[in-house]
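Heads up: the structure comes next, in structure tokens.
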Amino acid sequence: EVLSCLPRPPEDKTFKLAKYGEESLHTLVLLRHGESEWNRQNRYTGWSDVNLTKEGEIESRTAGRLLYENGIEIDHAYTSVLKRASFSLNMCLNMAKQHWVPVTKSWRLNERHYGALQGYNKDTAWEHLHLDQELVMQMRRSYHVKPPRMEDDHPYWHGNDRRYKSLTEGELEASRGESLKDTADRILPLYKSHVIPTMQAGNKCIIVSHANTIRTLIKHIDQISDEDIKSMTIPTGVPLLYRLDQNFRPVDPEKELEFEYMVEPKGFMWGTSHALGFHGVYLGDLERLQEIQKKRDATNRDWQRIILRNVGKSLGWDMDHESGNDDPTPKVLETRTLWWKIHEKMQTQEYGNMLLLVRMEDELEKLLNTTKQRYITMRQYESMIDRLHLDSEGKLVKPFVALNDRENRDERERLWFESLNSDLEEEALIR
């Protein structure tokens, strides 16, 4: 199950953290493998064993360069049994001049298994498998929804692969298609039984794995809710640095790291993620991080666009084809009915803060209250979706913030001392 070579025995109790400085905290780096061939082709990969692209190899080596330039030392590495992660780890460690670091490999660090979707294009799988498009999007991001089950005759069934011969019958059955929760149930036992004891013994660790593996670990470390974890995108080939205290809780890089532990801050915080209680720091080149941000923004807008179109479909409009003369699709709908349908959808936590839905609700309110437009055509609604889609470009995510930015540091220092004063005042009142 686990192929391992540990540098310092996990049961070693002699190691103790220092009171301040670099050695006062545990170090954990999380890294998603470089771009794979199926990442580029936009296909569900899961447990399929595909190669890195040339770009993915560059990303993996760049990750190693960033570790080296930032002085991040590694004592032990963990990865999956899939070659895109294993090869990425090798390239990363080589470039970081730490090729000698011992490695543990386990199937438990594999990507989430996408079931019958595996191998299909993410944009068209719902058509090939005759599934609801919004349901497939929910499955990709929700915490509890499973994909369709993979059967033995699927071309990417892994049941006869020698590397999985140690799986029990129950584990093999569970791997036919996993929700994010199922993935967490598989990954966290390894993290708790191997990674944490290895760090307890004083080893700095890196885990090179897959998007949903990294997402699961972030959720566990930062205690992020099932709902909020869906909005987090994990970029390929960008090291994510965590500093953990003696209880393996994440240290806030915005204030605690520099002003309490006296550790030099490195890398970039991501505003959107930090608002969710996320304490990881990205080590990267700003130009690359901004490009990742643009892609994430585009993905979010496309997802919200699909939701708005599905609202129209649910009320009888054929949003996919032009209507003919004898088409039973209604030519117009009551504006109030459309507004209510969107308003009703936004009452759930999942949809309540989606910018395009908020703006569409506002636009329909204006039609009702300002222009007194009682009815709306499908063409007008589609035009409104297109306009809102373009107007919101670059506005669904917040920018990366460099922790070593002077102006930002001064503000963080001010907030830190304010919080100290507040704590002292509260303690005085209690006494």
Exercise for the section: Only strands (runs of 3 or more DSSP E) wholly contained in region 307-423 count here; list those with 1 or more residues that are of a type in the set (Phe, Trp, Tyr) and modelled with pLDDT of 90 or more. Expected result: 375-377
Practice task
Considering only region 189-204, state which residues are among the hydrophobic types (A, V, I, L, M, F, W, C) and more than 16 Å from Arg249 (Cβ to Cβ).
Solution key: Leu190, Ala201
Completion exercise
Selection from region 87-106 of residues part of a helix (DSSP H, G or I) and open to solvent by 10 Å² or more (accessible area, probe 1.4 Å) yields Phe87, Asn90, Met91, Asn94, Met95
Exercise for the section: Report yes if Asp297 is at pLDDT below 80, assigned to a helix (DSSP H, G or I) and not small (Gly, Ala, Ser), otherwise no. Expected result: yes
Handout entry: Boolean, Glu55 is acidic (Asp, Glu), surrounded by fewer than 19 Cβ atoms within 10 Å (Cβ to Cβ) and without any contact (Cβ under 8 Å) to a residue 40 or more places away in the chain
Key = yes
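The values are calculated or read from the model by the stated rules, or taken from the named source; none is laboratory data. Remember, predicted model here, so these are calculated numbers, not experimental data. Cβ sites come from the backbone with ideal geometry, for glycine too, and all protein chains shown count toward neighbours. Heads up: the accessible areas ignore ligands, DNA and RNA and are worked out on the full protein's heavy atoms, side chains in. Shrake-Rupley method; radii C 1.70, N 1.55, O 1.52, S 1.80 Å.
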